[in-house]
1. Hey, among the residues in region 134-177 that are within 29 Å of the chain's Cα centre (by Cα) and open to solvent by 70 Å² or more (accessible area, probe 1.4 Å), which one's modelled with the lowest pLDDT?
2. Within the bounds of region 439-454, is there any residue that is more than 19 Å from the chain's Cα centre (by Cα) and either on the phi < 0 side of the Ramachandran plot or modelled with pLDDT of 90 or more (or both)?
3. Of the conditions (1) surrounded by 18 or more Cβ atoms within 10 Å (Cβ to Cβ); (2) part of a helix (DSSP H, G or I); (3) aliphatic (A, V, I, L, M); (4) out of contact with any Gly (no Cβ under 8 Å at 6 or more places or on another chain), Met223 satisfies every one except a single condition; which number is it?
4. Of the residues Leu60, Leu11, Leu37, Leu70, which single one is under 18 Å from the mean Cα position of the chain (by Cα) and either surrounded by 24 or more Cβ atoms within 10 Å (Cβ to Cβ) or of a type outside the set (Phe, Trp, Tyr) (or both)?
5. Kindly provide the set of residues from region 374-392 that are over 19 Å from the mean Cα position of the chain (by Cα) and either buried (at least 16 other Cβ atoms within 10 Å of the Cβ) or free of Cβ contacts under 8 Å to residues at least 40 places away in the same chain (or both), ordered by number.
6. Of all residues in region 233-257, which are polar (S, T, N, Q) and either within 18 Å of Tyr203 (Cα to Cα) or in contact with an Asp or Glu (Cβ under 9 Å, 6 or more places away or on another chain) (or both)?
7. Could you tell me which of the residues Ala25, Ala55, Ala92, Ala97 is over 30 Å from Leu123 (Cα atoms) and modelled with pLDDT of 95 or more?
Amino acid sequence: MTDELPEAFDLVVMGTGFTESCIAAAASRIGKTVLHLDKNEYYGGDSWGSFSLDALCSLLEKEVSESSALRNGSYTWHNVAAVNGDPEAPTAWTREAILAKSRRFNLDLCPRVLYAAGELVQLLIRSNICRYAEFRAVDHVCINNDGEILSVPCSRSDVFNTKILTMVEKRLLMKFLMACNDYGEDKCNEDSLAFRGRSFVEYLQAQRVTEKIALCVMQSIAMCGPNSTFEEGMQRTQRFLSSLGRYGNTPFLFPMYGCGELPQCFCRLCAVFGGIYCLKRSVDAVSMDSQSQELLVSCEGKTLRAKHLVSAPGQVPIQPVAPMRPNISRGLFISYSPLGNEEINKGGGGVNLLRLLADGGAREAIVIQLSHYSGACPEGLYIFHITTPAQSEDPMADLAPFTSQIFQNISQIVFSGYFTLYSTQSAEANALPLSIYCTSGPIYEIDYDAAISEAHRIFKELYPNEEFLPRAPDPEEIVIDGEDPSALNEHSLPEDLRAQLHDMEINPTENQQTN
């Protein structure tokens, strides 16, 4: 760490995971001085990063400590040319050939999709961080119907063009979706009153939908469990419907080049507004100055002062350390063959989403299939991310009920990797001294709602009267010393910059003297 680094900051953030990066960007955006550290040499931390294939293998081999969020890592190479004598196995995909393309892979530790009208997409647009990111619409939302992978019709045209439903089923599905879309507009609606407090499954049965329609709705549209309430099922279905038709044929988006790009987008905004970044830097000790009530942060022999500190799970060097618990079991597979038929993977495939159930619907997993069009792997190979809530410290055993459903023919698999993501519980993460906040790490969810909610909550505790991530100006809206501010289109500016421009026009002489 150089001597030129300032000795005092409003906020020190440890870890460049998604939640920490959101908080750092929000603080920097409102003018706070921010120092953002990470003990690793890469962005994303132990839970939110994306890696090349070489780097992922090294990560899974790495010895873990009590503060490690990624544990129980293992991986296996499969000789596709020799397994079962598969005549369709491309002999070119040897271990050496794949590793030669290692840098073409972007392998996520914690993959997610985004609802097109969800919290994260709205936040990216509202804050103007969307200019740093690129997305691809998810091509298909699928179901597993007795071992056959089918694409669920999402749009009106999909419903009437699909071959998996009869004409009667198509009419029933459209009628059902229209009823769900209108739910909540009339509080005295008969369904709202009759099914209040009952299960969503009972509502589906009352609508006399067929078994295949119920499967589509429960597994891929509402994404509900057998015990989900009527109200929960309707709200989830509405969430699905409200995101349709915005950016593609399905309601979901996936970040190009992997989900590890998203924390970096927030880091870029933080840096633009003056945030300082130091990778491969960890904090050795944290104490409180009894006189100034500021935090004294010891980092590689230098002591920094900070008004507040935010840390990723397990990184605060204060005793007692909040215990880390297994939270998410992950499986990552590379294959030369996609899931489903040619129609689902037309043109080499894209990004497909599949939700699997096990133990009579009591357990679930999310599968994300990626082709080279996502920027996550070389052409000719496919990535399968499988994610489920951790039941144990053995991710392979946790995922076995789901992998057995989709990988009946193991000869398709070139590489398989397993690991567990650990995190602290929210209550334990917050049982820290004043001025120190700890994020709780990723939880099992399809989108980023919980992570955004936690970032917003911590930011409001830090700065209760400030706006969380107001819109950042475009480059052409920034006034440089010596330029005429009146040349800007005032109405296109964010509110806080518009006020600054107004002050400059009222007191031009005073501003010139200051400069």
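The values are calculated or read from the model by the stated rules, or taken from the named source; none is laboratory data. As the structure is a prediction and not an experimental result, all values here were calculated from the model. Positions of Cβ are backbone-derived with ideal geometry, glycine not excepted, and every protein chain shown enters the neighbour counts. The area values use the complete protein model at the heavy-atom level, side chains included, leaving out ligands, DNA and RNA. Shrake-Rupley method; radii C 1.70, N 1.55, O 1.52, S 1.80 Å.
1. The selected residue is Arg156.
2. no
3. Of everything listed in (1) surrounded by 18 or more Cβ atoms within 10 Å (Cβ to Cβ); (2) part of a helix (DSSP H, G or I); (3) aliphatic (A, V, I, L, M); (4) out of contact with any Gly (no Cβ under 8 Å at 6 or more places or on another chain), Met223 misses just condition (2).
4. After ruling out the rest, the residue left standing is Leu70.
5. Across region 374-392, the qualifying residues are Pro378, Glu379, Leu381, Tyr382.
6. If the condition is that a residue be polar (S, T, N, Q) and either within 18 Å of Tyr203 (Cα to Cα) or in contact with an Asp or Glu (Cβ under 9 Å, 6 or more places away or on another chain) (or both), then Gln235, Thr237, Gln238, Asn249, Thr250 are the ones that fit.
7. Ala55
Results for (1) open to solvent by 10 Å² or more (accessible area, probe 1.4 Å); (2) aliphatic (A, V, I, L, M); (3) over 30 Å from Gln122 (Cβ atoms), shown as yes or no for each residue.
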{"site": "Asp359", "(1), (2), (3)": "yes, no, yes"}
{"site": "Ser371", "(1), (2), (3)": "no, no, no"}
{"site": "Ala397", "(1), (2), (3)": "yes, yes, yes"}
{"site": "Gln405", "(1), (2), (3)": "yes, no, yes"}
{"site": "Gly417", "(1), (2), (3)": "no, no, yes"}
{"site": "Glu467", "(1), (2), (3)": "yes, no, no"}
